[in-house]
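Below is one structure, written out as structure tokens; comments come after it.
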Amino acid sequence: MSKVFTPEELAKHDGTDASAAIYVAIKGTVFDVSSKKEMYGPGAGYHCFAGKDASKALGKSSLKPEDCIADYSGLDEKEMKTLDDWVVFFEKRYPVVGKTA
């Protein structure tokens, strides 16, 4: 049975606590991206995704913090394909550690 993360629990895994793993969620699946601290850790280019479900931002290819939300219902067909491509990429690269609540 996989762990279910509340938004508050997921937020604790944003890389600011060096003793905690770094997690990024996409479409409700939580991935451990700790192996790429240089990309997702504090001050890194993709840190805005860390500790949250960043589905909308990934679909829009956006690094804006306001786009780093789980609700991707407003994405158009092209953006949905981009989001689905990110899911495949993450599944190949990072271990799944749970789901979002």
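Coordinate-derived values only; no laboratory data. No experiment lies behind these values; they were computed from the predicted model shown. Positions of Cβ are backbone-derived with ideal geometry, glycine not excepted, and every protein chain shown enters the neighbour counts.
Scanning the range 13-70 for residues that are at positive phi and among the small types (Gly, Ala, Ser) turns up 15, 28, 43, 51, 61. If you go through the range 73-101 and keep only what is within 11 Å of residue 55 (Cα to Cα) and either touching a Ser or Thr at 6+ places or on another chain (Cβ under 9 Å) or of a type in the set (A, V, I, L, M) (or both), you end up with 75, 79, 80, 82, 83, 86, 87.
Please go through the range 71-101 and give me each residue that is in contact with a Gly (Cβ under 9 Å, 6 or more places away or on another chain) and at positive phi, ordered by number. Answer for the range 71-101, where residues must be in contact with a Gly (Cβ under 9 Å, 6 or more places away or on another chain) and at positive phi: there is none.
Annotation: of all residues in the range 72-83 being touching a helix residue (DSSP H, G or I) at 6+ places or on another chain (Cβ under 6 Å) and part of a loop (DSSP other than H, G, I, E, B), the one that is farthest from residue 26 (Cα to Cα) is 75. Within the range 10-67, the set of residues being touching a strand residue (DSSP E or B) at 6+ places or on another chain (Cβ under 9 Å), under 14 Å from residue 94 (Cβ atoms) and part of a helix (DSSP H, G or I) comprises 34, 40, 49, 58. Residues in the range 1-19 that are hydroxyl-bearing (Ser, Thr, Tyr) and more than 18 Å from residue 46 (Cα to Cα) were compared, and the one that is nearest to the chain's Cα centre (by Cα) is 6. The selection criterion, being in contact with a helix residue (DSSP H, G or I) (Cβ under 7 Å, 6 or more places away or on another chain) and surrounded by 16 or more Cβ atoms within 10 Å (Cβ to Cβ), does not hold for residue 5.
A search for C-beta distances below 9 Å between a residue of the range 24-52 that is closer than 23 Å to residue 101 by Cβ and any residue that is among the basic types (Lys, Arg) and crowded, with 16+ Cβ neighbours inside 10 Å, counting only pairs 6+ apart in sequence or on different chains, returns 24/52; 25/52. Let me confirm something: among 23, 40, 72, which residue is over 12 Å from the mean Cα position of the chain (by Cα) and crowded, with 20+ Cβ neighbours inside 10 Å? Testing whether each residue is over 12 Å from the mean Cα position of the chain (by Cα) and crowded, with 20+ Cβ neighbours inside 10 Å leaves just 72.
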